[in-house]
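Everything below concerns the one structure shown next.
Readers should treat all values here as calculations from the given coordinates under stated rules, not as data from a laboratory. As the structure is a computational prediction, the values presented were derived from the model and not from experiment. Don't worry about glycine lacking a Cβ; one is built from the backbone with ideal geometry, like all the others, and counts go over all protein chains shown.
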Amino acid sequence: MSGASSVLEDGTLLSRLDRALFWLERQLALLGGLAVFSLMVLAVVSVTGRNFFNQPLPGYVDWIEQAMPLIAFIAVSYCQRLGGHIRMDIVVGMMSGRVLWLAEFVSTAAMFILMVLLVWGTYAHFDRSFDFSAPLWSRDSSMDIAIPLWPGKLLAPIAFSVLSLRLFLQLWGYARAIRTGTSKPVAVPMIEDAATQAAHEAETVSGFDNGEGA
Amino acid sequence: MEPIDIGLIVSGFMLVMVVLGMRVAFAAALAGLAGLIWIFWAKKGYDPSAFVWALTVAVKTAGQVPHSKVSSQALSLIPTFILIGYLAYYAGLTKALFEAAKRWVGWLPGGLGVATVFATAGFAAVSGASVATSAVFARIAIPEMLKLGYDKRFAAGVVAAGGTLASLIPPSAILVIYAIIVEQDVGMLLLAGFLPGAVSALIYGGLVVLMAVGYKELGPPVTGFTWGERLRSLPPAMPIVFVVVIIICFIYNPFGGDAWGTPTEGGALGAFVVFCMAVYKGMRWKQFRDSLMETAKLAVMIFTIIWGVLIYVRFLGFADLPGAFSDWITSLEQSPMLTLVLILLAYAVLGMFMDAIGMLLLTLPVVYPAVIALNGGVDVAAADSAFGVSGTGCAIWFGILVVKMAELCLITPPIGLNCFVVAGVRPDISVQDVFRGASPFFVADAITIAVLVAFPSIVLWLPGLTG
């Protein structure tokens, strides 16, 4: 199974676009992380208010449900750039050169088609709850304190559009790799063996223990 | 063509895409979407002019799934649990735990091995990720063991196996995911994991002691700690106890009366305690930002599989594949227990090639209804059921069994990730050595699973207390 992998860079237009998009993806991922942190803060405020001041946080559940799309979608492209979406790489791991790039091109193209269709589908879902002429532009709202639902619904097509852009760049990268037959293509996640992935994993979680115990 | 045939063909197509390396979440979503288009178009007799209609309806049906399925309070436990895990590294909890375990149980035969088992079990109480737990303890425990002349393979095996405890002892992300997919109470599943997790830790500890008694060369006990030194090792590890108590009390109040809140609040308060501890220990914005980004990445990976698989599940509903599979399973002329054991063995084989979360999410929509049907249905009473557990009990019990099964695969070749992680952290130990070192624990796990299959009450006792 593939976890995270590294992406090579050079001075070409493709690589520059890749890095520019990666900058955007990193900001979005941080936003997703802050949304997780805000869940924690909300709970602390809610529990403290309820138990010590007899004043529960109004619409606590509504706010959580609003934060969830942010956590669930916004970093989807960041994860794809880093090769973080899991997959079985036993078969592709045995391929190399043009055969490998062709296989990657095909599965990435399938993902691209899917995501473009889902941008349409999730936008339609958003569109049903959005109305310029309604109060707060909203046709539906949350159960408790009536927060409009459309901003959360809009996050899905936005995040999926960024992912579609990322997949387009990766298709470009694989197409170029097929043409040149290179073994080191830029702007696409490289397949790594279990040991390299493991080393990445260990690096991520080392915290302050890094270098002290080893 | 009947919907069930479309279901089979599309599911086969999905498996081919997964094997060819397509990311699991997207392979499932694509299969679901393609299947929906096919079924809707088939209803119109494949009329060419109706294709656009079928495509539009299918895309809009699939487009509802991501937002409507992820906006749930129960799912918010997953990112919170992940955040606790990442912050725990900066809270210095890993070293504190190992130090405390060493002082308290180090005098036993194979002392540092036993200490490693209990420290990983303790760390599991703040982390739901097996692989990460092994990575951390490979850095902390292995150097100390090697310094004292412990056998290299043994040291590596204990760490790889100890990491698997994280998946059962709450907070466990994988149990939350299971609960969401099979629509069971999250709190009940988290509670149910506690006892089997603790039993696994005790069995591991006992195994280490037995091995060390049998083979003196595995490693010496560590003795000479005074009671004062032992007591002083406890305060730094206290936040773990605090987190465990909070999470348990928010699910089920052992002191009588109502639970203190929802599991979501418990998880979030636990994260807050670990966060404060990490700040106290010197975590700054850069480390905090890294934790947030890693949490966001792992969370989005899990959520993408969830909505991807749920699009596939939406299609399965139209194709009625789960119903057909249940009918087939219940019509088999063999004992239900044998069928259950075969299903568990199939998971063991599948888990050797696939990540646990992906494997469970892809298979549960079809397998879970079949297991429930095998037991006698959703509403069956324990007395009338095939496995001697009620419908809800069966859901919880099966969840613990498959998760334990999936974890078993983390220490088996060819892709037992925990073993690779240990070898990755310690380049001086080959991955073959880690696999060999972990093999006694594999046997212990197999026995644990057999015991859990034979005595469901070990799993169901704690959730049963809540009524």
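Just a few scattered comments:
- Counted by neighbouring Cβ atoms within 10 Å, the residues B:Thr339, B:Thr116 run from fewest to most as B:Thr339, B:Thr116.
- Relative contact order for chain B: 24 percent, from Cα pairs under 8 Å spaced at least 6 residues apart, divided by residue count.
- Computed label-point distance, nm, for sites B:Lys281 and A:Asn54 using a 7 Å Cα→Cβ extension: 4.0
- As a proxy for reagent exposure, ranking A:Leu154, A:Leu118 by other Cβ atoms within 10 Å from fewest up yields A:Leu154, A:Leu118.
- R0 of 60 Å, Cβ-Cβ distance B:Phe225-A:Leu17: FRET efficiency to nearest 0.05: 0.50
- Cross-link pairs B:Lys95/B:Lys216; B:Lys44/B:Lys69; A:Lys153/B:Lys297; A:Lys184/B:Lys147; B:Lys95/B:Lys286 - those with Cα-Cα distance over 32 Å: A:Lys184/B:Lys147
- B:Phe242/B:Trp107 FRET efficiency (R0 35 Å; Cβ-Cβ; nearest 0.05): 0.85
- Inter-chain shielding of B:48-59 (mean C-beta neighbours from other protein chains, 10 Å cut-off): 1
- Computed from Cα atoms alone, the Kirkwood hydrodynamic radius reported for segment B:9-58 is 11.3 Å.
- Where chymotrypsin sites (Phe, Trp or Tyr not before Pro) fall in DSSP loop in segment A:1-90, at most 11 other Cβ within 10 Å: A:Phe53
- Ranked list, fewest to most other Cβ atoms within 10 Å of each Cβ, for B:Lys60, B:Lys147: B:Lys147, B:Lys60
- Between the residues A:Trp23, A:Leu165, A:Met88, the greatest Cα displacement towards the positive end of the dipole of chain A, with unit charges on the Cβ of Lys, Arg, Asp and Glu, is found for A:Leu165.
- A simple spin-label model places pseudo-atoms 7 Å from Cα toward Cβ; at A:Gln27 and B:Arg436 they are separated by 5.4 nm.
- Efficiency of FRET between B:Asp327 and A:Ser138 - r from beta-carbon atoms, R0 51 angstrom, step 0.05: 0.70
- The protein assembly as shown pair-distance distribution - Cα-Cα, 20 Å bins, rounded %: 18, 53, 27, 2, 0
- Rounded to whole Å, sorted largest first: equivalent-ellipsoid semi-axes of segment A:13-184, Cα gyration tensor: 40, 19, 13
- More than 17 Å apart - percent of Cα-Cα pairs taken over segment B:77-188: 52
- Annotation for B:Asn253 and A:Leu8: the two label points, set 7 Å from Cα along the Cα-Cβ direction, are 6.2 nm apart.
- Choice from A:Val106, A:Val44, A:Val116 showing the highest fluctuation, given a GNM over chain A with Cα pairs closer than 10 Å: A:Val44
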